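Notes follow once the structure below has been shown.
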Amino acid sequence: MSRRYSFADVVVVISLLAIGIYSPFLLPKATDATSLVVRTPDGAQSLSMLRDQVVEVEGKSGLTVIEVESGKARILRSSCPNNHRHEIEGWISQAGAALACVPNQIVLDLSGDGFDSVMR
């Protein structure tokens, strides 16, 4: 049994393929972060992502060292029981990204300018 495709079938298939191929170009791009918000049990502070720095903050279970370098941030050292997990998580640089040391109650949130940082 031979099946013939109608003109409408072909148009639908081509349209779906075109949308699938071009959709990544139509979506807003992730923006680079311009500031890092460090939340601790004592409050929050904002750090510039445009300046390389190493900052120590006190958490619930001790000291946490945060490193900002070349527009990226990471938890360098922490008094968390599973400190090795921060090495796996690594660096964050896109607005909307976050890192956390839950036992120490430290959260790093990246924010930036632009559409994507608001949407995340």
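The values are calculated or read from the model by the stated rules, or taken from the named source; none is laboratory data. Note that the structure is predicted; figures quoted are calculated from it, not measured. Here the Cβ positions follow ideal geometry from the backbone for every residue, glycine too, while neighbour counts run over all protein chains shown.
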- Mind listing whichever residues of the stretch 98-108 are touching a residue at least 40 places away in the same chain (Cβ under 8 Å) and either crowded, with 17+ Cβ neighbours inside 10 Å or in a strand (DSSP E or B) (or both)? 101, 104, 106, 107, 108
- Message: Of everything in the stretch 1-34, what is at pLDDT 90 or above and of a type in the set (Ser, Thr, Tyr)? Give them in sequence order.
- Response: 6, 15
- Message: Exactly one of these conditions fails for residue 65: (1) modelled with pLDDT of 85 or more; (2) under 17 Å from residue 33 (Cα atoms); (3) in contact with a strand residue (DSSP E or B) (Cβ under 8 Å, 6 or more places away or on another chain). Give me its number.
- Response: (2)
- Selection within the stretch 49-62 - at pLDDT 90 or above and among the polar types (S, T, N, Q): 53
- With the first residue restricted to the stretch 9-20 and required to be surrounded by 10 or more Cβ atoms within 10 Å (Cβ to Cβ), and the second required to be at pLDDT 90 or above, Cβ contacts under 9 Å at 6 or more apart or on different chains are none
